[in-house]
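What follows draws every value from the coordinates through simple rules; no lab data is involved. In this text, all values refer to a predicted model and were calculated from it rather than measured experimentally. Backbone-built Cβ (ideal geometry, glycine too); neighbour counts: all protein chains shown.
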Amino acid sequence: MTTDWLLRVGDGENLKSSSKYKIWGISSKIKTNKYFIKNVMRGDRLWFVQSKSNGKLIGVATYCSHNMREFGPLVDMSLTNEELGWTGSGEDWTADMEVHYTDFYGLSNCDLLTHIKGATTIRKYNEKCMVNLALEYNYIVKYSRVTFEL
């Protein structure tokens, strides 16, 4: 069974910058993110939500895998924030884990508003979401195409 996950992505600019690599970054230290890391399964759907927008969905993708970011003294095994085009700093933007995905559909022009409130970084879909994600996903796949654009 496919699970739908809602991932808050700030203004979406960092997601847009790294979408060509099909990578998103999260902090493994946040409680709700730990739950996601432990429970997400290949094939689950990742719904990217823009902050401060009534929960506007700006993209959806299919989850593949996740791994810790690795930076060495001589060679970086992971792309750096600069290479990914990620800007920001502080506790709110400490991505020590990569989330890999495929089949990204940009939804910025769809005005799908979840009306989800709160600062939770990652949450599992539930009845508080004002969009029937499973139903909408079928329409998105039917009438859209995979893209790298938000």
Of all residues making up segment 129-147, the number that are in contact (Cβ under 8 Å) with a residue 12 or more places away in the chain, under 14 Å from Thr62 (Cα atoms) and not in a loop (DSSP other than H, G, I, E, B): 5
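If you go through segment 116-128 one residue at a time, how many are exposed (fewer than 12 other Cβ atoms within 10 Å of the Cβ) and either in contact (Cβ under 8 Å) with a residue 40 or more places away in the chain or on the phi < 0 side of the Ramachandran plot (or both)?
Taking segment 116-128 as the starting set, the residues that turn out to be exposed (fewer than 12 other Cβ atoms within 10 Å of the Cβ) are 117-119, 126-127.
Subset that is either in contact (Cβ under 8 Å) with a residue 40 or more places away in the chain or on the phi < 0 side of the Ramachandran plot (or both): 117, 119, 126-127.
Total meeting the criteria: 4.
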Any hit, segment 81-99, residues being closer than 22 Å to Leu112 by Cβ and surrounded by 14 or more Cβ atoms within 10 Å (Cβ to Cβ): yes
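To keep it simple, each residue is scored yes or no on (1) closer than 17 Å to Thr102 by Cβ; (2) not small (Gly, Ala, Ser).
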| site | (1), (2) |
| --- | --- |
| Asp4 | yes, yes |
| Lys31 | no, yes |
| Tyr35 | no, yes |
| Lys38 | no, yes |
| Ser51 | no, no |
| Ser65 | yes, no |
| Met68 | no, yes |
| Gly85 | no, no |
Matching entry among Asp111, Asp96, Asp103 (being more than 16 Å from the chain's Cα centre (by Cα) and either under 23 Å from Lys29 (Cβ atoms) or in contact (Cβ under 8 Å) with a residue 40 or more places away in the chain (or both)): Asp111
Residue that is surrounded by the most Cβ atoms within 10 Å (Cβ to Cβ) [pool: residues in segment 28-58 that are part of a loop (DSSP other than H, G, I, E, B) and among the basic types (Lys, Arg)]: Lys29
